[in-house]
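The values are calculated or read from the model by the stated rules, or taken from the named source; none is laboratory data. A quick note: this is a predicted structure, and the numbers were derived from the prediction, not measured. Quick reminder, even Gly has a Cβ in these numbers, built from the backbone with ideal geometry, and neighbours come from all protein chains shown.
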Amino acid sequence: MSVFIVCKQAHQLISEGLDRPLSLPERTQLKMHLAICRACTGFDGQMSFLRKAMKKTASEGLPSEADNTGIEGRAK
Amino acid sequence: MTSITDLHQQLENLRPGLYRFAQLQLRNECAAEDAVQETLLAVLEKPDSFAGNSSLRTYVTGILKFKIIDHLRSLKKEKPLEIKDDESEDDLIDSLFNANGHVIGTPTVWGAPEATLQEKDFFRVLEVCLENLPAKTARVFMMREWLELETEEICKELDLSTSNLWVVLYRARLRLRECLDLNWFGKVSSGEKI
């Protein structure tokens, strides 16, 4: 197994890392890749942010103000 | 100590948000309505259980999650979830990379994450993005992120293999990223945000 992975693998590991513990080789590969890849580092940040945003909604629920029209309007 | 009529009123105010929360996950109006109704009844039956340590919304949302899990189970019996329709979308992943597996283009930088999490408008956009996910992908993703179920549990509930589940979650995240990019972060950086 090579220590070098490409972005496609790194992206997948970043996502899977949110759902399962990565193995030591996987963590090493990812770390080495992130050290040299700005795009994947950006993706990693986006994924952590998404997790945080979902967590916040999970505990606080969705706002209930009378703003439903705005949401539905935009969803269409 | 809030009176019971106050509590009634407060719960009534929370109802639309609770309903949307349930509907996003259940994608079934009757089941969502039932889950909310059962939640409100549970709160009203034991009004003293709400200690006031958290906001009422947080407390009620916590109860709603259990009700949603119950309904997901009964929906599964009626209409088993098929993930297949989403599986053909490999191009969603492939389109991000060139033949060598390198990212095509540079992802936008999502600035000021902490400040963004304080913005109500952001969560409205997030909600729309969740709503736009394919129903089955959405259900899996929200079981993971909102109901905070472990992957083994989700696999068991939905008869999915773990590797299949990881891919569905990965795809959901890619879609959400794209949607947030277009509808929130893109606007922020070009100064078009309201």
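Structure summary
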quantity	calculated
Flag if B:Leu133 is crowded, with 19+ Cβ neighbours inside 10 Å and at pLDDT 95 or above	no
Filtered residue count, segment B:67-94, keeping only those that are within 14 Å of chain A (Cβ to nearest Cβ), modelled with pLDDT of 85 or more and loosely packed, with under 11 Cβ neighbours inside 10 Å	0
Filtered residue count, segment B:43-57, keeping only those that are more than 12 Å from B:Leu18 (Cβ to Cβ) and not in a loop (DSSP other than H, G, I, E, B)	5
Residue count for segment B:10-61, restricted to those that are among the charged types (D, E, K, R), within 13 Å of chain A (Cβ to nearest Cβ) and surrounded by 14 or more Cβ atoms within 10 Å (Cβ to Cβ)	3
Qualifying position, being facing chain B (nearest Cβ under 7 Å), under 11 Å from A:His11 (Cα atoms), modelled with pLDDT of 95 or more and out of contact with any His (no Cβ under 7 Å at 6 or more places or on another chain), among A:Met47, A:Met54	A:Met47
Candidate set: segment B:108-126, residues that are within 7 Å of another protein chain (Cβ to nearest Cβ), among the hydrophobic types (A, V, I, L, M, F, W, C) and more than 16 Å from the chain's Cα centre (by Cα); chosen: the one surrounded by the fewest Cβ atoms within 10 Å (Cβ to Cβ)	B:Val109
Among (1) part of a helix (DSSP H, G or I); (2) over 16 Å from the mean Cα position of the chain (by Cα); (3) more than 9 Å from every other protein chain (Cβ to nearest Cβ), the one test that B:Val168 misses	(2)
Residues of segment B:136-165 classified as surrounded by fewer than 21 Cβ atoms within 10 Å (Cβ to Cβ) and part of a loop (DSSP other than H, G, I, E, B), total	7
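This table checks each residue for (1) β-branched (Val, Ile, Thr); (2) outside any helix (DSSP H, G or I); (3) without any contact (Cβ under 8 Å) to a residue 12 or more places away in the chain; (4) surrounded by fewer than 17 Cβ atoms within 10 Å (Cβ to Cβ).
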site	(1), (2), (3), (4)
A:Ile5	yes, yes, no, no
A:Ala10	no, no, no, no
A:Leu30	no, no, no, no
A:His33	no, no, no, no
A:Gly45	no, no, yes, yes
